[in-house]
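No value in this document is a laboratory result; all are computed from the given coordinates. Predicted, not measured: the structure shown is a model, and the values here were computed from it. Virtual Cβ from ideal backbone geometry, glycine too; neighbours counted across all protein chains shown.
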Amino acid sequence: MGDPVTSKCMIVVSNRLPFVLKRNEKTGALERKASAGGLVTAVAPVVVQGNGLWVGWPGIHLENPDEPIPESNPNDNTPTAGLLSKKVVPVCVEPGKFDSYYNGSCNGTFWPLFHSMPDRAVFLAEHWKNYYSVNELFAEKTIKALKSLLEEQSTATPLIWIHDYHLMLAANWVRQIAEESNLRLKLGFFLHIPFPPWNIFRLCPWSDEILQGILGNDMVGFHIEDYCLNFIDCCQRRLGCRVDRKGLLVEHGGRTVLVRPLPIGIPYDRFVKMAEIAPKVLPTNQKFVLGVDRLDYTKGLVHRLKAFELLLEKYPEHIEKVTLLQISVPSRTDVKEYQDLKEEMDQMVGRINGRFTTYNWSPIRYIYGQVGQDELAAFYRDAAVALVTPLRDGMNLVAKEFVACQINEPPGVLIVSPFAGAGEMMHEALICNPYEVHMAAEIIHRALTMPEDERTLRMNYLRRREKLHDVNYWMKSFFKAMGSLREDGDDGLPT
Ligand code: ADQ
């Protein structure tokens, strides 16, 4: 969609930098390693092309926090290629504290709670204390970055864009220090995961502080309106704020905070191009049902395998003709729940394969690892069906990437869960409640046997919507919501 959006003066603040640093075992030198994940795919190109800075944890404990960040490798073709080291501000946290903040609070408390899985959430005052102080540290680093940007561009009003549930408290401190030091800024926040309803959110012992922290921003964005309304409801019921549900506004501390649904998109044209040139990797003598996910309990992977097993049981005509290709990228591997999930997946794949494998076919091909973007595009392009069946998901970029890569005629079919943000808007997909595995098996069968003209009709609508609402559109919507899109509409730069 047109030229990419760039920003004159923007600081992105997120838990991780858009790449991680690794130490070369032989030379001891630091090297960059690309990360998988929604945020990087979406935001990195914008910071690369604009005059921005990125504040975040470098993925490694640096004994010397001033050790220079290496430049990207010349062969790097990831979204962060071209992000110069001077645009990167690492936040170094002592390992014990980081573990408590990240694995304890972020992944142990907020991830399950915000995905409406409170039984999995652990509430520990010690983790909260570290969450609090790491957020404070991020705020201090952000202020430092803000000062350096203002020195370079004294006339600009920098836009600070804080991301996700790791940093829900940071805005308040940034605002406070900026006001004391008379610094200009605009603060925006985007939550990449769902915001839960009041009856779930209220279980958090620190709910007031979280709401107050988020309300330190001028604008708060969520993927869909449901999450906006949940947030507004919590502000009213917990803090007693005056709210406007229609206008999506919350009054707090003498300011009015804008709450906006900003559904994230993907770099659509880049995926189409990748699909056009990626060599074939899948055999053509059978149909592939594709799953691509981080290995996470929210993604509904165990339910998915069960549904596929039921499909083979109920419809044996698919035996030797259809294969489930499940690609799971390792995630949060130090957390026990994730280790348990890996074990469960390994066992299930083994059991189902043991049950159905014939001498020339196995029902499930399971890749536990990250795959390259070109290979991923080829999988998306050549799969007959994509199974995007999370139990709960903020948006889900895989559904969108699959649709973008569907350049073959006739196209494949997207199956999506109504509990993903994507399921709220990709109406022409087959909608599948992942909890009822028998129904899910029926829907996979329906997708595999859908007439060509229906597939084409559905996919055309899906592709059109994703092309229009791509990642540039998302960025523009964010800038517009911040009231900082240039009036002349020339280049979409925030002023
Ligand atoms: P995630 O939970 O990481 O993101 P998702 O939106 O699906 O989920 O994004 C995953 C990204 O990782 C995709 O771009 C995908 O291509 C890539 N990926 C996944 N598995 C891979 C593999 N094995 N190899 C290579 N790449 C792989 C969070 C929220 C989501 C929200 C995004 C963006 O949980 O709901 O959509 O942020 O806001």
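Residues 329, 385, ranked from the fewest to the most other C-beta atoms within 10 Å, line up as 329, 385. Based on the alpha-carbon gyration tensor of segment 293-444 and its eigenvalue square roots a ≥ b ≥ c, which shape applies: rounded if a/c is under 1.5, prolate if not and a/b is larger than b/c, or oblate? Taking the square roots of the gyration eigenvalues as a ≥ b ≥ c, segment 293-444 is rounded. Extending 7 Å from the Cα toward the beta-carbon at both residue 119 and residue 157 defines two label points whose distance is 4.9 nm. Among the cysteines of the chain, 9, 92, 106, 204, 228, 234, 405, 432 have no other cysteine beta carbon within less than 4.7 Å of their own. Take the alpha carbon gyration tensor of segment 369-474, find the square roots of its eigenvalues, order them as a ≥ b ≥ c, and report rounded if a/c is under 1.5; if not, report prolate when a/b exceeds b/c, else oblate. Taking the square roots of the gyration eigenvalues as a ≥ b ≥ c, segment 369-474 is rounded.
DSSP finds beta bridges in the chain, and of those with both partners inside it, around 20 percent are antiparallel. Helix 437-448 and the longest principal axis of the C-alpha atoms of the chain enclose an angle of approximately 70°. Using the Cβ of residue 140 as centre and a radius below 14 Å, the other residues enclosed give a net charge of +2, where K and R count +1 and D and E count -1. Taking a ≥ b ≥ c as the square roots of the Cα gyration tensor eigenvalues, with a/c under 1.5 meaning rounded and otherwise prolate when a/b beats b/c, else oblate, which class fits segment 277-363? It comes out oblate by the Cα gyration axes.
Against the chain, whose longest principal axis is taken from its Cα atoms, helix 225-239 shows a tilt of about 40°. Descending by average beta-carbon neighbour count within 10 Å, the peptides 371-377, 241-247 line up as 371-377, 241-247, the highest first. Residues 32, 446, 270, 392, arranged from fewest to most other Cβ atoms within 10 angstrom of their Cβ, appear as 446, 270, 392, 32. Subtracting the Cα-Cα distance of residue 460 and residue 77 from their residue separation scaled by 0.36 nm leaves 135.0 nm. Extending 7 Å from the Cα toward the beta-carbon at both residue 33 and residue 438 defines two label points whose distance is 4.5 nm.
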